[in-house]
Amino acid sequence: MAANPMYQFNVYRIGPEIKINNIDISFTNASLFMVISSLTILIIFNLGTKRSIIPNKIQLLAELSYSFISKMISDTAGSKAKPYFSFIFSLFMFVLFCNMFGMIPYSFTVTSHIIVTFVLAAFIFIGVTIIGFIKHGLGYLKLFVPSGVPMVLLPLIVVIEIISYLSRPISLSVRLFANMMAGHTMMKVFGGFVVSLGIVGGWLPLGFSVALTGLEILVAFLQAYVFAILTCIYLNDALNLHH
Amino acid sequence: MLKKIIFQFLALSLIFTYSAQSAESGGMPQLNPEFWISQIFWLVLTFGLLFIILSKFILPKISNNLETRKSQILENIETADKQREETEKKVKEFDKIINDTKTEAKNFFNSERQKVLDDINNKRLSLEKDIEKEIIKAEEEINQLKKTSQEKITKIAIETSSDLVKQLIGEDINKSSLSAIVEDLSKKEMEKHNGI
């Protein structure tokens, strides 16, 4: 069973079954890694809040990530997006740490599950839409009518814009989920090759596996970054309506 | 944009075909809805707590730290600038004082030297005057002596010669003739002495 590359994505219960109104909310390995990621983020960033003028390493890390995300937000969504800084920061850190914890062998990748990424993306989508309607009222619908488009093409463009807007949560969630799942599956497959080819022929897939590990760490960071920056871009659409 | 949409449809259809196959081959555990509610619940719980703790407690501290550091750095730069300006002013003052002192010392030195030179000059002048006076006096004396010595010598010569003549012949000779002879001789002698 362990040779199945999809086996690593199995969710299983840890501890007793918890049911509220017949709904199963048991603590699973996925929940465990969510908790571990969140706690790690909290511990690292809490250690990074020491009030010293010359920062130590952890403080430097915390402050660098703070300014990194702050700069990312102000670059993509402008100064109006400042109130949403802590949400985007938490989002980026959560996705990043979940991705990174997934890179530890025998661990579980929370973000390789479509339901998790979809809930995050749907929350962002609904939140951004609500913000847009609050900020601009019905004028937010102008988002679907780009300026400077000939009248003949307008109906088609509006339909396409609406479809693209509605597909945002899907693209956002599928991008992260598919990247994580594909990478981990590939690593598992190459790991299986190493075992099956043995000491004679296993070196090539082993080398691939090592290279893939580096690539996957890059992808883990990149996907968290993409997730956060797309959130910023959607937020920018809602905050600064200039179509 | 269109490409993206097509890709998404493809991905979705892929997911659904996978889910259709999952019944027979085990497929993707991601599409097994058994623990979906549990995952959503725990995601909301952990991410919500993370967001609340980060935004309420940790991020304000970090931004506060960054701001204090920034303001402190600005303050330090300001004080550094101020101190540098002050230092420059002080250096200028110092230079000025040194220059003033130098010129003062020079002036003092010059005036003192002038004084000493004047003093020396005065003394020399007065000495020269004295010396000239002495020289004039001495010359006068010498001239006097020259004048008087001639007469005295002739007088003495006349007296001694008259004495000698008296002792030789025991007789007084006419003084005027004697003096004429002596004068004649001395004239000759003088001429000889002066080397004509």
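What is the diffusion coefficient of chain B in µm²/s, taking the Kirkwood radius over Cα pairs and the Stokes-Einstein relation at 10 °C with a viscosity of 1.306 mPa s?
Numbers: Rh = 32.9 Å.
Answer from the Stokes-Einstein relation: 48 µm²/s.
Per-residue mean of foreign Cβ neighbours for A:23-34 is 5 (Cβ atoms of other chains, 10 Å radius).
Pairwise Cα distances in segment A:7-239 exceed 32 Å for 35 percent of all pairs.
Between the alpha-carbon centres of segment A:109-163 and segment B:138-196 there is a gap of 157 Å. Rg and Dmax of the protein assembly as shown, based on Cα coordinates, read 59.3, 197 Å.
Once you list every other residue whose beta carbon is under 14 Å from the beta carbon of residue B:85, what net charge do they have if Lys and Arg are +1 and Asp and Glu are -1?
Details: positive: B:82, B:84, B:89, B:90, B:92; negative: B:78, B:81, B:86, B:88, B:93.
Its environment carries a net charge of 0.
Working from Cα pairs under 8 Å separated by at least six residues, relative contact order for segment B:45-196 is 11 percent.
Other protein chain C-beta atoms within 10 Å of residue C-beta, averaged over A:37-44: 3.
In this rough spin-label picture, where each label sits 7 Å from Cα along the Cβ direction, the residue B:56-residue B:151 distance is 14.5 nm. In chain B, helical runs assigned H by DSSP with n ≥ 4 each contribute -39500 (n - 2.57); averaged across all residues and rounded to the nearest 500, the mean residue ellipticity at 222 nm is -33000 deg cm²/dmol. Each Lys or Arg adds one and each Asp or Glu subtracts one; over the other residues with Cβ under 11 Å from the Cβ of residue A:64, this totals +1. For segment A:92-194, the equivalent ellipsoid derived from the alpha-carbon gyration tensor has semi-axes of 38, 17, 8 Å in decreasing order.
Read-outs: derived from the displayed coordinates by stated rules, not from any lab. Computed from a predicted structure; not experimentally measured. Reconstructed Cβ throughout: ideal geometry from the backbone, glycine too, with neighbour counts over all protein chains shown.
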